[in-house]
Amino acid sequence: MNKIVIEDLSLQYSDGTESLRGVSLGIRQNAVTVLFGPAGGGKSTLLRCLNRLNDLTEVKASSGKILIDGENILDPKVDVIALRRKVGMVFARPVVLPLSIRENLTYGLELAGERRRVKLDEAVERSLRLAALYEEVKDRLDDPAIALSGGQQQRLCLARSLVLQPEVILLDEPTSGLDPISTGKVESALQELKQDYTIILVPHSIQQAARTADFAAFFLQGELIEFGEGKSLFTTPKEKRTEDYITGRFG
Ligand SMILES: Nc1ncnc2c1ncn2[C@@H]1O[C@H](COP(=O)(O)OP(=O)(O)OP(=O)(O)O)[C@@H](O)[C@H]1O
Ligand SMILES: [Mg+2]
């Protein structure tokens, strides 16, 4: 089932850059969909549209629709705070708060009014388990988060995005700068998470795209060139431009 349906989405920044051009795409529930392609293709721009982070940037014009559970989230009447709770995001560089590991996770919940210790403890454990970090940090939850390794900080950020129980998780190159072991842990966490969530990943390499994608979308200069099941797209792409990129002939 498609959780998200993108219909003829175009976006132009105020400097005139056309970053998305007539993109139409269905995003399946309980699957990992990767958006890949060379720099400047519009991948991050599309991710930011999905939780309306582009509201904060210089957008000159946009058109088209993004339906999440049938509701057009680009409608100005949409409650953006509620949308961002439903559609969580993890960025390339982990930004942990200068607080303890536990507080990094409870902060958002406390802001949302949760004060019950039991509920907070439950949420901390659940989100750390989902992000495949629990075993590594369970005995030092009150230590500063900043003392964690880069790979652990990235999984803490993933856990933080899960604490508010989103339905969709957007990840923009979440493993860039991580060693292969940490990268592997994040990738396997995603494979677990997809049982319950809809995951959209901009991978940091074609290899990662091929390893993780249930579905894959290839973007070139704002256009969706090809979309399909990961397995077939990475082995037998239909478009010459996709094939050239995958085999390293450009980009
Ligand atoms: N805030 C902005 N203002 C103006 N132009 C922007 C802005 N953000 C992105 N762009 C432009 O939009 C185009 C798409 O950028 P985007 O960051 O979405 O690409 P990307 O596919 O994520 O690239 P990368 O692989 O380098 O992260 C580029 O030409 C970029 O210069
Ligand atoms: Mg990007």
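Considering each of 113, 108, 88, 151 in turn, give the residue that is surrounded by 15 or more Cβ atoms within 10 Å (Cβ to Cβ) and not in a helix (DSSP H, G or I).
Sole residue among the options that is surrounded by 15 or more Cβ atoms within 10 Å (Cβ to Cβ) and not in a helix (DSSP H, G or I): 88.
Looking only at residues in segment 205-232 that are of a type in the set (D, E, K, R) and in contact with a helix residue (DSSP H, G or I) (Cβ under 8 Å, 6 or more places away or on another chain), the one that is farthest from ligand 1 (Cβ to nearest atom) is 214. Checking each residue in segment 186-219 for being more than 22 Å from residue 87 (Cα to Cα) and either in contact with a Pro (Cβ under 7 Å, 6 or more places away or on another chain) or of a type in the set (Lys, Arg) (or both) picks out only 211. Of the candidates 154, 165, the single residue that is farther than 18 Å from residue 101 by Cβ, more than 16 Å from ligand 2 (Cβ to nearest atom) and among the polar types (S, T, N, Q) is 165. Can you pull out every residue in segment 192-204 that is at pLDDT 95 or above and within 13 Å of ligand 1 (Cβ to nearest atom)? Result: 200, 201, 202, 203.
Would you check which residues across segment 162-191 are of a type in the set (A, V, I, L, M, F, W, C), under 20 Å from residue 37 (Cβ atoms) and either within 16 Å of ligand 1 (Cβ to nearest atom) or without any contact (Cβ under 8 Å) to a residue 40 or more places away in the chain (or both) and list them?
Correct list: 170, 171.
Just so you know, in segment 186-223 the residues that are of a type in the set (S, T, N, Q) and in a loop (DSSP other than H, G, I, E, B) include one that is farthest from residue 47 (Cα to Cα), and it is 195. List every residue pair whose Cβ atoms sit under 7 Å apart, with the two residues 6 or more apart in sequence or on different chains, where the first one lies in segment 52-79 and is without any contact (Cβ under 8 Å) to a residue 12 or more places away in the chain and the second, anywhere, is within 16 Å of ligand 1 (Cβ to nearest atom). Pairs found: 72/66.
The values are calculated or read from the model by the stated rules, or taken from the named source; none is laboratory data. Just so we're clear, the structure is a prediction, and the values are computed from it rather than from any experiment. A quick note on method: Cβ atoms are made from the backbone with ideal geometry, for glycine too, and the neighbour counts reach across all protein chains shown.
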